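The values are calculated or read from the model by the stated rules, or taken from the named source; none is laboratory data. Being a predicted model, the structure only gives us computed values, none of them experimental. All Cβ positions, glycine included, derive from the backbone under ideal geometry; neighbour counts span all protein chains shown.
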């Protein structure tokens, strides 16, 4: 499954640069012209533009806003213009996105089981909340989910994605757009507590093993609480059972 994620969206870029990553080949099409990038070649992107590997395959590339941010991605790239700035939309495999989100969203010291819980939650959101934007599926901000570079193979975040592959949180037989926040301060809250409208899943207020300053909306999984549960020997299934008591863990 492919997801389309708009990256660098907080920067509202006016200029983008593209180059191949490592030994990859990138074919760029813009304004009716095609150019092959290899080695250290760099190109400035205009709208509209597309970039992919040979024969339209996914490829590894480095995208940057000069002087601001530079990241490596694996997938295909599309550049459009909207409201005077550029949209950089990366189309990537869902599991690549899951691993990248786990790496970006997890507390730095989060154990593997907490990252596996994060992977299931992130995957559920990607499946159940598609088309949150008109021209792409998701952005890379807290409006959707943070997304950075793909973690190295064998890293905790990559393992978390692989070891939970195809697992989602479901309610009444359907995947849910599972929510989470950084720290609930000791107890999560319901949608009613937060003044939010009803969702497809009835979020409950549950006691959390972590106290501290509240960070985030306190609905669904508490990331600091999940990390502490994992340190105490709980599995990702036990973590998810606490924060999503009415949900099941199903294969897609």
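Computed values, structure above
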{"read-out": "Members of region 50-63 that are closer than 17 Å to residue 5 by Cβ and not in a loop (DSSP other than H, G, I, E, B)", "value": "50, 51, 52, 59, 60, 61, 62, 63"}
{"read-out": "Residue 22 at pLDDT below 95 and either over 21 Å from residue 150 (Cβ atoms) or surrounded by 19 or more Cβ atoms within 10 Å (Cβ to Cβ) (or both)", "value": "no"}
{"read-out": "Any hit, region 174-188, residues being in the same structural domain as residue 126 (by TED's automatic domain parsing), in contact (Cβ under 8 Å) with a residue 12 or more places away in the chain, surrounded by 15 or more Cβ atoms within 10 Å (Cβ to Cβ) and on the phi > 0 side of the Ramachandran plot", "value": "yes"}
{"read-out": "Any hit, region 46-62, residues being farther than 30 Å from residue 252 by Cβ and under 21 Å from the mean Cα position of the chain (by Cα)", "value": "yes"}
{"read-out": "Residue list for region 135-156, restricted to those being under 22 Å from residue 59 (Cβ atoms) and buried (at least 19 other Cβ atoms within 10 Å of the Cβ)", "value": "136, 137, 138, 140, 147, 150, 151"}
{"read-out": "Residue 132, sole failed condition from (1) touching a strand residue (DSSP E or B) at 6+ places or on another chain (Cβ under 7 Å); (2) in contact (Cβ under 8 Å) with a residue 40 or more places away in the chain", "value": "(2)"}
{"read-out": "Long-range neighbours under 7 Å by Cβ, at least six apart or interchain, first residue in the same structural domain as residue 85 (by TED's automatic domain parsing) within region 29-55, second surrounded by fewer than 11 Cβ atoms within 10 Å (Cβ to Cβ) and in a loop (DSSP other than H, G, I, E, B)", "value": "46/31"}
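A quick yes/no check of all residues on (1) under 30 Å from residue 183 (Cα atoms); (2) assigned by TED's automatic domain parsing to the domain that holds residue 120; (3) in contact (Cβ under 8 Å) with a residue 40 or more places away in the chain:
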| site | (1), (2), (3) |
| --- | --- |
| 59 | no, no, no |
| 65 | no, no, yes |
| 69 | yes, no, yes |
| 73 | yes, no, yes |
| 77 | no, no, yes |
| 80 | no, no, yes |
| 104 | yes, yes, yes |
| 107 | yes, yes, yes |
